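These notes concern the structure reproduced below.
Every number in this text was worked out from the coordinates using simple rules, so none of it is lab data. What you see is a predicted model; the values in this text were computed from it and never measured. Backbone-built Cβ (ideal geometry, glycine too); neighbour counts: all protein chains shown.
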Amino acid sequence: MAEGNYLVGVDIGSSSIKLCQLKDIRGKRTLVKFGYYALPPQTIVDGHVQNAPAIVEGLNQLYNQLKIKRREVALAVSGHAVIIKKMALPLMTSAELDEQIDWEAEQQIPYDIKDVQIDYDVLRKRPEQGQMDVLLVAAKKEDVNDAAQIARDAKLKPMVIDVDAFSVQNAFEANYGLPKDGTVALINIGASLTTINILSQGIPSFTRNIINGGNAITEEIQKRLGISWDEAETYKTGIAGGVVDGRSVVPSEVPQIIKQVVEGLSGEILRSLDFYLATSGEKEIGRVFVAGGTANIPEVGAAIERRAKAPVELLDPFKDIAVDLKEVNGDMLNLHRAQVCVAIGLSLRKDKEKV
Ligand SMILES: Nc1ncnc2c1ncn2[C@@H]1O[C@H](COP(=O)(O)OP(=O)(O)OP(=O)(O)O)[C@@H](O)[C@H]1O
Ligand SMILES: [Mg+2]
C-alpha cells in the first residue's frame with residue numbers, strides 16, 4: 001500500500017454525490033464513512049455543471065451529517081469531455097516524453113491543447129520493437145477547474161483529480177487484484193455516462209466513454225406514460241428489485257420500455273467491445289464486471305452476457321474492503337452498492353502518493 005493517509009473520495013455524479021472514507025483497521029482496509037446525496041435534476045447537464053451551489057450544499061450537508069474531519073479530497077471529473085487514448089510511441093526517456101507529450105497529444109485530441117490538462121502514464125516498454133505504450137488522459141481545463149473550485153467553495157482541499165474509468169479500475173484492483181493474464185472489461189453505467197475500460201494482462205488497453213446511461217430509460221418512461229421525472233424514476237428503480245412506496249403496482253408497459261432502452265444501451269456497449277476485439281488481436285473478453293446505478297437492472301448484464309458471450313457480474317466494491325457498520329449505515333450502503341465504485345476508487349488514493 002502506498003505511504004500516506006487516505007483522502008476522502010468524492011464522486012460528483014450527475015444524479016448524486018457519493019462520498020467514501022477508508023481507514024486501515026488491524027491491517028484491513030475498512031470503510032468508515034459513507035454518504036449519498038441526491039442532486040436536483042439539471043445540476044450537471046452534458047457533463048457541465050449548471051448548478052454549482054447545489055453541489056456545494058450537498059458537500060456541506062454530507063460533511064456535517066457524517067462529521068468528517070479530513071478536508072483533503074480526491075475528486076473525479078465528469079467523463080464527458082475526457083479523452084483517454086493509448087499511444088504507441090518510439091522508446092524515449094521520461095525527460096524526452098515530458099517535452100514531447102503536448103505535441104503527441106495534439107495529434108490525438110480534437111481540442112486546442114491550450115484548453116486541456118494532460119496527464120500520461122507509461123504502460124509498458126517494448127524494447128524489442130523500439131516502442132513504448134503510453135496512456136494519455138486529456139481533460140478540459142475548464143471542467144477540472146470547475147470541479148476543484150466547487151470543492152474549494154465547500155471548504156475542501158482537492159488533492160487528486162481522477163477520471164471515472166480509472167477510479168473504477170482502482171476499486172476493482174483493491175478487491176480482485178489485477179489479473180496477470182486474460183482480458184477483463186470494467187463497465188460503469190451511471191445516469192448520463194457509461195465508461196468502459198478493458199484490461200489486458202492487467203493493463204488498460206482500451207477505454208471509451210459513451211454519453212448514455214440510465215437517464216435515457218427514465219426519459220422514455222416519462223415520455224411514453226406522460227408522467228413526471230420522479231414518478232418515472234420510481235417506477236424504473238422499483239422494477240429492478242426495490243419497492244415502490246410500498247406499492248407493487250407498476251404500469252404494465254414499464255418493463256417493456258426498460259427492455260427496449262436497455263437493448264439500445266447495451267448495443268452501444270457491445271459495439272465498443274466488438275471494436276476492441278476487432279482491433280486488438282485478442283480473441284475474447286474473459287470476464288465483464290459492471291458497476292454504476294444502471295447496472296442494477298438485471299437486463300443490462302443479461303444483454304451484455306448474451307451477446308458478448310462472457311460472464312457478467314456486478315463489481316463488488318466490498319469483496320476485500322471491510323465495512324465498519326458502527327459508523328456506516330449498512331442499509332443505505334446496500335441500496336447504493338453498485339453506485340459507490342468510483343467513490344471507493346477515489347478513497348483509495350493517498351495524500352503522499354505520486355500523482
Ligand atoms: N435499483 C436501480 N434500478 C435501476 N436503476 C437504478 C437503480 N439504482 C440507481 N439506478 C439508476 O442509476 C443511475 C445513477 O447511477 P450512478 O450513481 O452510478 O450515476 P451518477 O454517477 O450519478 O451519474 P454519471 O456518472 O452518469 O454522471 C440513475 O439513472 C438511476 O436511476
Ligand atoms: Mg458516475
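Brief remarks on what is shown
- Förster radius 35 Å - calculated FRET efficiency between residue 125 and residue 229 (Cβ-Cβ, nearest 0.05): 0.10
- Along the stretch 6-18 the Karplus relation, 6.51 cos²θ - 1.76 cosθ + 1.60 evaluated at θ = phi - 60°, assigns HN-Hα couplings of 5, 7, 7, x, 10, 9, 8, x, 6, 9, 6, 9, 10 Hz to successive residues, with x for each Gly and Pro.
- Proximal aspartates and glutamates relative to residue 352, as straight alpha-carbon distance under 14 Å, when same-chain residues fewer than 8 apart are discounted: 3, 72
- Across the stretch 120-128, rounded Karplus estimates of 3J(HN,Hα) from the backbone phi angles (6.51 cos²θ - 1.76 cosθ + 1.60, θ = phi - 60°) give 8, 8, 7, 7, 6, 9, 10, x, 4 Hz, Gly and Pro being marked x.
- The stretch 315-355: C-alpha gyration tensor shape, a/c 1.5 cut-off, then a/b vs b/c: prolate
- DSSP-loop trypsin sites (Lys or Arg not before Pro) across the stretch 271-341, with at most 15 other Cβ within 10 angstrom: 283, 309, 319, 326
- Length-normalised contact order for the chain - Cα pairs under 8 Å, 6+ apart - percent: 24
- Cα gyration tensor category, rounded, prolate or oblate, for the stretch 1-140 with a/c compared to 1.5: oblate
- Prolate/oblate/rounded label for the stretch 83-136 (Cα gyration tensor, a/c 1.5): prolate
- Within-11-Å neighbourhood charge of residue 287 [Cβ basis; K, R +1; D, E -1]: -3
- Cross-link pairs beyond the 22 Å C-alpha cut-off, checked among 85/140; 67/326; 69/157; 67/140; 86/157: 67/140; 86/157
- Taking 48, 80 and counting other C-beta atoms within 10 Å, the order from fewest to most: 48, 80
- Ordered by the count of other Cβ atoms within 10 Å of each Cβ, fewest first, 32, 116 give 32, 116.
- Put the Cα centre of the stretch 96-157 next to the Cα centre of the stretch 274-325 and the gap is 27 Å.
- Taking Lys and Arg as +1 and Asp and Glu as -1, the other residues whose beta-carbon sits under 13 Å from that of residue 318 total +1.
- In sequence order, the stretch 212-219 has phi-based couplings of 6, x, x, 4, 4, 6, 4, 4 Hz under the Karplus curve 6.51 cos²θ - 1.76 cosθ + 1.60, θ = phi - 60°, and Gly or Pro positions carry x.
- Around residue 154: net Lys/Arg minus Asp/Glu count, Cβ-Cβ under 11 Å: +2
- Ranked list, fewest to most other Cβ atoms within 10 Å of each Cβ, for 198, 210, 304, 25: 25, 210, 198, 304
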